[in-house]
Amino acid sequence: MDAQKVFSRPWVLTLTAVLCCVLWGSAFPAIKTGYAFFSIDSADHGAQILFAGLRFTLAGMLVIAFECARRRKFIFPARKDLFAVGILSLAQTSLHYIFFYLGLSIATGTKSSVLTASTVFIAMIFACFLFRTEKFSLLKLLGCLVGFSGVVLINLDGASGAFSLGDGFILIAAAFGALSSVLIKIFSQKSDPVMLSGYQFFLGGLTMIAVGLALGGRLTVFPWQGALLLVYLSLVSAVAYTLWGILLKYNPVTRVTVFNFLDPVSGFVLSALILREEINWLFGIIALVLVSAGILILHFAGVRPEKQKETE
(Lines give C-alpha, C1' and ligand atoms only; values in the text may rest on other atoms or scores of the structure.)
Protein backbone atom coordinates (compact mmCIF):
# COMPACT_ATOMS: atom_id res chain seq x y z
CA MET A 1 0.00 0.00 0.00
CA ASP A 2 1.21 3.52 -0.83
CA ALA A 3 2.88 5.19 2.20
CA GLN A 4 1.23 8.53 1.49
CA LYS A 5 -2.25 6.96 1.60
CA VAL A 6 -1.45 5.25 4.90
CA PHE A 7 0.16 8.15 6.80
CA SER A 8 -2.30 10.75 5.53
CA ARG A 9 -5.24 8.88 7.03
CA PRO A 10 -6.53 10.86 10.06
CA TRP A 11 -6.45 7.94 12.48
CA VAL A 12 -2.94 6.89 11.41
CA LEU A 13 -1.73 10.48 11.68
CA THR A 14 -3.24 10.83 15.16
CA LEU A 15 -1.93 7.55 16.55
CA THR A 16 1.56 8.08 15.10
CA ALA A 17 1.81 11.67 16.37
CA VAL A 18 0.62 10.63 19.83
CA LEU A 19 3.16 7.79 19.84
CA CYS A 20 5.98 10.22 19.01
CA CYS A 21 4.94 12.59 21.81
CA VAL A 22 4.70 9.75 24.32
CA LEU A 23 8.14 8.49 23.29
CA TRP A 24 9.65 11.96 23.72
CA GLY A 25 7.86 12.38 27.05
CA SER A 26 9.16 9.02 28.28
CA ALA A 27 12.74 10.26 27.90
CA PHE A 28 12.44 12.34 31.10
CA PRO A 29 11.88 9.42 33.52
CA ALA A 30 14.08 7.13 31.41
CA ILE A 31 17.12 9.41 31.73
CA LYS A 32 16.70 9.79 35.49
CA THR A 33 16.24 6.00 35.78
CA GLY A 34 19.40 5.57 33.72
CA TYR A 35 21.34 7.70 36.18
CA ALA A 36 20.25 5.29 38.92
CA PHE A 37 21.10 2.16 36.90
CA PHE A 38 24.60 3.44 36.08
CA SER A 39 25.12 4.90 39.58
CA ILE A 40 25.69 8.38 38.14
CA ASP A 41 25.72 10.98 40.89
CA SER A 42 24.16 14.42 40.34
CA ALA A 43 27.64 15.96 40.76
CA ASP A 44 29.32 13.64 38.22
CA HIS A 45 28.88 15.88 35.19
CA GLY A 46 31.41 13.98 33.10
CA ALA A 47 29.48 10.71 33.42
CA GLN A 48 26.18 12.47 32.68
CA ILE A 49 27.57 13.92 29.42
CA LEU A 50 29.20 10.58 28.54
CA PHE A 51 25.84 8.83 29.06
CA ALA A 52 24.17 11.37 26.74
CA GLY A 53 26.94 10.97 24.15
CA LEU A 54 26.51 7.20 23.99
CA ARG A 55 22.76 7.63 23.48
CA PHE A 56 23.02 10.05 20.58
CA THR A 57 25.92 8.35 18.86
CA LEU A 58 23.82 5.18 18.76
CA ALA A 59 20.71 7.18 17.75
CA GLY A 60 22.62 8.71 14.84
CA MET A 61 23.76 5.29 13.69
CA LEU A 62 20.17 4.01 13.82
CA VAL A 63 18.78 6.97 11.82
CA ILE A 64 21.51 6.65 9.19
CA ALA A 65 21.00 2.87 8.94
CA PHE A 66 17.23 3.30 8.56
CA GLU A 67 17.62 5.91 5.83
CA CYS A 68 20.22 3.79 3.99
CA ALA A 69 17.83 0.82 4.08
CA ARG A 70 14.92 2.98 2.90
CA ARG A 71 16.90 4.41 -0.03
CA ARG A 72 18.76 1.14 -0.64
CA LYS A 73 22.06 2.98 -0.81
CA PHE A 74 24.57 4.51 1.57
CA ILE A 75 23.87 8.17 2.40
CA PHE A 76 26.56 10.68 3.24
CA PRO A 77 26.45 14.48 3.56
CA ALA A 78 27.47 16.32 0.42
CA ARG A 79 30.07 19.07 0.73
CA LYS A 80 27.29 21.66 0.80
CA ASP A 81 25.71 19.87 3.79
CA LEU A 82 28.81 19.77 6.01
CA PHE A 83 28.28 23.26 7.45
CA ALA A 84 24.67 22.47 8.36
CA VAL A 85 25.63 19.15 9.96
CA GLY A 86 28.39 20.83 11.98
CA ILE A 87 26.22 23.68 13.24
CA LEU A 88 23.30 21.38 14.11
CA SER A 89 25.54 18.85 15.87
CA LEU A 90 26.87 21.69 18.03
CA ALA A 91 23.56 23.46 18.76
CA GLN A 92 20.93 20.72 18.67
CA THR A 93 22.84 17.77 20.08
CA SER A 94 25.99 18.83 21.95
CA LEU A 95 25.04 22.11 23.66
CA HIS A 96 21.32 21.36 23.88
CA TYR A 97 21.67 17.96 25.49
CA ILE A 98 24.71 18.75 27.63
CA PHE A 99 22.65 21.37 29.46
CA PHE A 100 19.55 19.14 29.36
CA TYR A 101 21.28 16.14 30.96
CA LEU A 102 23.03 18.32 33.55
CA GLY A 103 19.75 20.03 34.41
CA LEU A 104 17.75 16.81 34.61
CA SER A 105 20.26 15.40 37.11
CA ILE A 106 19.16 18.15 39.53
CA ALA A 107 15.60 19.14 38.55
CA THR A 108 12.60 16.81 38.79
CA GLY A 109 11.29 15.10 35.67
CA THR A 110 7.81 16.64 36.06
CA LYS A 111 9.13 20.17 36.39
CA SER A 112 11.65 19.69 33.56
CA SER A 113 8.92 18.51 31.16
CA VAL A 114 7.04 21.79 31.66
CA LEU A 115 10.18 23.95 31.46
CA THR A 116 11.27 22.21 28.25
CA ALA A 117 7.99 23.26 26.59
CA SER A 118 9.34 26.83 26.58
CA THR A 119 11.34 25.70 23.51
CA VAL A 120 8.23 26.35 21.39
CA PHE A 121 7.86 29.93 22.61
CA ILE A 122 11.57 30.78 22.41
CA ALA A 123 11.66 29.37 18.86
CA MET A 124 8.83 31.71 17.87
CA ILE A 125 10.77 34.69 19.28
CA PHE A 126 13.91 33.63 17.39
CA ALA A 127 11.97 33.10 14.16
CA CYS A 128 10.21 36.48 14.36
CA PHE A 129 12.97 38.74 15.65
CA LEU A 130 16.35 37.07 15.05
CA PHE A 131 15.96 35.20 11.75
CA ARG A 132 12.80 36.98 10.55
CA THR A 133 11.43 33.81 8.98
CA GLU A 134 7.98 34.48 10.47
CA LYS A 135 5.83 37.55 10.99
CA PHE A 136 5.04 38.67 14.52
CA SER A 137 1.39 39.09 15.56
CA LEU A 138 -0.61 39.88 18.67
CA LEU A 139 -1.95 36.32 18.68
CA LYS A 140 1.60 34.97 18.82
CA LEU A 141 2.37 37.38 21.65
CA LEU A 142 -0.67 36.07 23.51
CA GLY A 143 0.48 32.48 22.97
CA CYS A 144 3.92 33.25 24.40
CA LEU A 145 2.50 35.09 27.41
CA VAL A 146 0.06 32.27 28.20
CA GLY A 147 2.73 29.60 27.73
CA PHE A 148 5.42 31.36 29.76
CA SER A 149 2.91 31.94 32.55
CA GLY A 150 2.74 28.16 32.91
CA VAL A 151 6.55 27.99 33.07
CA VAL A 152 6.53 30.65 35.81
CA LEU A 153 3.75 28.88 37.70
CA ILE A 154 5.57 25.56 37.85
CA ASN A 155 8.44 27.38 39.59
CA LEU A 156 6.07 28.71 42.26
CA ASP A 157 5.21 25.15 43.29
CA GLY A 158 6.42 24.70 46.85
CA ALA A 159 6.78 20.93 46.43
CA SER A 160 9.25 21.32 43.58
CA GLY A 161 11.19 24.07 45.29
CA ALA A 162 12.29 27.48 44.09
CA PHE A 163 14.08 28.12 40.80
CA SER A 164 17.30 26.09 40.91
CA LEU A 165 20.50 25.72 38.93
CA GLY A 166 19.00 22.61 37.33
CA ASP A 167 15.97 24.61 36.19
CA GLY A 168 18.32 27.19 34.68
CA PHE A 169 20.18 24.48 32.75
CA ILE A 170 16.87 23.12 31.41
CA LEU A 171 15.89 26.60 30.18
CA ILE A 172 19.31 27.08 28.54
CA ALA A 173 18.80 23.70 26.85
CA ALA A 174 15.37 24.89 25.70
CA ALA A 175 16.96 27.99 24.17
CA PHE A 176 19.45 25.87 22.20
CA GLY A 177 16.60 23.54 21.19
CA ALA A 178 14.63 26.55 19.95
CA LEU A 179 17.61 27.84 17.99
CA SER A 180 18.06 24.39 16.46
CA SER A 181 14.41 24.13 15.38
CA VAL A 182 14.71 27.38 13.44
CA LEU A 183 18.05 26.33 11.91
CA ILE A 184 16.62 22.94 10.87
CA LYS A 185 13.78 24.69 9.09
CA ILE A 186 16.30 26.84 7.22
CA PHE A 187 18.80 24.08 6.40
CA SER A 188 16.14 21.53 5.39
CA GLN A 189 15.12 23.77 2.50
CA LYS A 190 18.27 22.63 0.68
CA SER A 191 19.23 19.43 2.50
CA ASP A 192 17.47 16.18 3.46
CA PRO A 193 16.29 16.62 7.09
CA VAL A 194 16.62 12.90 7.94
CA MET A 195 20.22 12.83 6.69
CA LEU A 196 20.96 16.01 8.65
CA SER A 197 19.41 14.52 11.78
CA GLY A 198 21.30 11.23 11.57
CA TYR A 199 24.71 12.77 11.06
CA GLN A 200 24.25 15.62 13.53
CA PHE A 201 23.13 13.06 16.16
CA PHE A 202 26.20 10.94 15.40
CA LEU A 203 28.72 13.81 15.34
CA GLY A 204 27.15 15.53 18.34
CA GLY A 205 27.15 12.24 20.26
CA LEU A 206 30.85 11.68 19.57
CA THR A 207 31.54 15.25 20.70
CA MET A 208 29.72 14.64 23.99
CA ILE A 209 31.61 11.37 24.53
CA ALA A 210 34.88 13.27 24.13
CA VAL A 211 33.74 16.05 26.49
CA GLY A 212 32.48 13.55 29.07
CA LEU A 213 35.75 11.60 29.03
CA ALA A 214 37.77 14.84 29.23
CA LEU A 215 35.82 15.79 32.36
CA GLY A 216 36.70 12.47 33.94
CA GLY A 217 33.38 10.77 33.26
CA ARG A 218 33.36 7.00 33.47
CA LEU A 219 30.54 4.46 33.54
CA THR A 220 32.02 2.20 36.21
CA VAL A 221 28.80 0.19 36.41
CA PHE A 222 27.19 -1.13 33.21
CA PRO A 223 24.25 -3.38 34.15
CA TRP A 224 22.15 -5.11 31.52
CA GLN A 225 19.14 -3.02 32.57
CA GLY A 226 21.14 0.12 31.91
CA ALA A 227 22.27 -1.17 28.52
CA LEU A 228 18.67 -1.87 27.50
CA LEU A 229 17.63 1.57 28.73
CA LEU A 230 20.41 3.17 26.68
CA VAL A 231 19.18 1.33 23.58
CA TYR A 232 15.61 2.44 24.36
CA LEU A 233 16.64 6.10 24.66
CA SER A 234 18.48 5.83 21.34
CA LEU A 235 15.37 4.36 19.74
CA VAL A 236 13.27 7.19 21.21
CA SER A 237 15.35 9.70 19.26
CA ALA A 238 15.69 7.62 16.10
CA VAL A 239 12.14 6.22 15.83
CA ALA A 240 10.23 9.29 17.01
CA TYR A 241 12.16 11.64 14.76
CA THR A 242 11.83 9.35 11.73
CA LEU A 243 8.07 8.86 12.21
CA TRP A 244 7.58 12.60 12.79
CA GLY A 245 9.49 13.32 9.60
CA ILE A 246 7.28 10.87 7.66
CA LEU A 247 4.15 12.59 9.01
CA LEU A 248 5.48 15.99 7.97
CA LYS A 249 6.29 14.62 4.52
CA TYR A 250 2.79 13.28 3.79
CA ASN A 251 0.62 15.80 5.68
CA PRO A 252 0.23 19.58 5.96
CA VAL A 253 2.63 20.83 8.64
CA THR A 254 -0.18 22.34 10.71
CA ARG A 255 -1.97 18.98 11.03
CA VAL A 256 1.16 17.47 12.58
CA THR A 257 2.54 20.25 14.79
CA VAL A 258 -0.80 20.71 16.57
CA PHE A 259 0.10 17.58 18.58
CA ASN A 260 3.17 19.30 20.10
CA PHE A 261 1.13 20.24 23.15
CA LEU A 262 1.21 16.56 24.16
CA ASP A 263 4.99 16.64 24.73
CA PRO A 264 4.93 18.36 28.15
CA VAL A 265 1.74 16.50 29.11
CA SER A 266 3.25 13.05 28.48
CA GLY A 267 6.56 14.00 30.11
CA PHE A 268 4.80 15.31 33.22
CA VAL A 269 2.44 12.36 33.62
CA LEU A 270 5.06 9.66 32.91
CA SER A 271 7.58 11.27 35.29
CA ALA A 272 4.95 11.47 38.01
CA LEU A 273 3.90 7.83 37.56
CA ILE A 274 7.32 6.23 37.02
CA LEU A 275 9.55 8.36 39.26
CA ARG A 276 6.88 8.91 41.94
CA GLU A 277 8.08 12.46 42.45
CA GLU A 278 6.51 14.65 45.10
CA ILE A 279 4.51 17.24 43.18
CA ASN A 280 1.68 19.67 43.70
CA TRP A 281 -0.88 18.33 41.24
CA LEU A 282 -2.93 21.54 41.31
CA PHE A 283 0.05 23.72 40.31
CA GLY A 284 1.24 21.10 37.85
CA ILE A 285 -2.06 20.66 36.03
CA ILE A 286 -2.71 24.41 35.80
CA ALA A 287 0.84 24.94 34.49
CA LEU A 288 0.32 22.16 31.91
CA VAL A 289 -2.97 23.68 30.78
CA LEU A 290 -1.35 27.11 30.35
CA VAL A 291 1.67 25.73 28.48
CA SER A 292 -0.50 23.54 26.24
CA ALA A 293 -2.87 26.47 25.56
CA GLY A 294 0.09 28.65 24.63
CA ILE A 295 1.37 26.03 22.17
CA LEU A 296 -2.08 25.66 20.60
CA ILE A 297 -2.46 29.46 20.29
CA LEU A 298 0.90 29.67 18.51
CA HIS A 299 -0.16 26.79 16.28
CA PHE A 300 -3.36 28.49 15.16
CA ALA A 301 -1.56 31.84 14.89
CA GLY A 302 0.70 30.27 12.27
CA VAL A 303 -2.08 28.61 10.26
CA ARG A 304 -2.88 30.39 7.02
CA PRO A 305 -5.91 28.79 5.35
CA GLU A 306 -4.85 29.66 1.85
CA LYS A 307 -1.36 28.29 2.43
CA GLN A 308 -2.65 25.11 4.06
CA LYS A 309 -4.98 24.49 1.15
CA GLU A 310 -2.05 24.57 -1.25
CA THR A 311 -0.17 21.94 0.75
CA GLU A 312 -3.13 19.59 0.72
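Over the chain, give the accessible area per residue in Å² for a 1.4 Å probe, as an integer.
Values: 14750 Å² over 312 residues.
Ligands and nucleic acids excluded, the result is 47 Å² per residue.
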Order of exposure, largest accessible area first, which applies to Phe202, Phe187, Phe56 with probe 1.4 Å:
Phe202, Phe187, Phe56
Using the per-residue mean of other Cβ atoms lying within 10 Å as a proxy for protection, in what order, highest first, do the peptides 224-236, 64-76 fall?
224-236, 64-76
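Let me check against my output: what whole-number percent is the relative contact order of the chain, with C-alpha pairs under 8 Å and at least 6 apart? Can you show the working numbers first?
On the way: 489 pairs, mean separation 124.7, N = 312.
It comes to 40 percent, rounded to a whole number.
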From the Cα gyration tensor of region 1-81, with a ≥ b ≥ c the square roots of its eigenvalues, which class applies: rounded if a/c is under 1.5, or else prolate if a/b is larger than b/c, or else oblate?
oblate
When we measure straight from the Cα of Lys5, which lysines land under 17 angstrom away, once same-chain ones fewer than 8 places off are left out?
Lys249
Accessible heavy-atom area order of Lys190, Lys185, highest first, probe of 1.4 Å:
Lys190, Lys185
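What FRET efficiency comes out for Leu82 versus Gln4 if R0 is 30 angstrom and r is the Cβ-Cβ distance? Round to the nearest 0.05.
Working: r = 31 Å, r/R0 = 1.04.
The computed FRET efficiency comes out at 0.45.
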Scoring region 51-175 by relative contact order with C-alpha pairs under 8 Å, at least six apart, yields a percentage of 37
So the carbon and sulfur contribution to the accessible area of the chain, 1.4 Å probe, in percent, is 70
Cα-centred dipole magnitude for the chain, charges only on beta-carbon of K, R (+1) and D, E (-1), debye, nearest 20
1040
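For region 90-230, what class follows from the C-alpha gyration tensor (a ≥ b ≥ c being the square roots of its eigenvalues): rounded when a/c is under 1.5, otherwise prolate if a/b is larger than b/c, else oblate? Intermediate results must be reported in sequence, preceding the final value.
Working: a/c = 2.53, a/b = 1.19, b/c = 2.13.
Here region 90-230 falls in the oblate category.
Compute and list, largest first, the equivalent-ellipsoid semi-axes of region 154-279 from the alpha carbon gyration tensor, each √(5λ) rounded to a whole angstrom. Each step should come with its number before you reach the end.
Numbers: eigenvalues 148, 106, 58 Å².
After scaling each eigenvalue by five and taking roots: 27, 23, 17 Å.
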Hey, how many Å between the Cα centroid of region 241-266 and the Cα centroid of region 54-87?
21
Each label sits 7 Å from Cα toward the beta-carbon; between Trp281 and Val221 the label points are separated, in nm, by 3.2
Using a 1.4 Å probe on the protein heavy atoms only, what accessible surface does Leu19 show? Give it in Å² to the nearest 10.
80
For Leu273 and Leu15, compute 0.36 nm times the residue count separating them, minus their Cα-Cα distance, and round to one decimal in nm.
90.7 nm
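For the peptides 237-247, 276-286, 131-141, what is the packing order when you average, over each peptide's residues, the other Cβ atoms within 10 Å and list the highest mean first? Don't skip to the answer; put the middle values down first.
Values: 237-247: 20.3, 276-286: 15.3, 131-141: 13.5.
Going from most to least packed, we get 237-247, 276-286, 131-141.
Rank-order 3-12, 32-41 by packing density, defined as the average count of other C-beta atoms within 10 Å over each peptide's residues, highest first.
Values: 3-12: 12.4, 32-41: 18.3.
So the order, starting with the most tightly packed, is 32-41, 3-12.
The values are calculated or read from the model by the stated rules, or taken from the named source; none is laboratory data. What you see is a predicted model, and the numbers here were worked out from it, not measured in a lab. As a convention, Cβ positions derive from the backbone with ideal geometry for all residues, glycine included, and neighbour counts pool all protein chains shown. Side chains included, ligands, DNA and RNA excluded: accessible areas come from the protein's heavy atoms. Shrake-Rupley method; radii C 1.70, N 1.55, O 1.52, S 1.80 Å.
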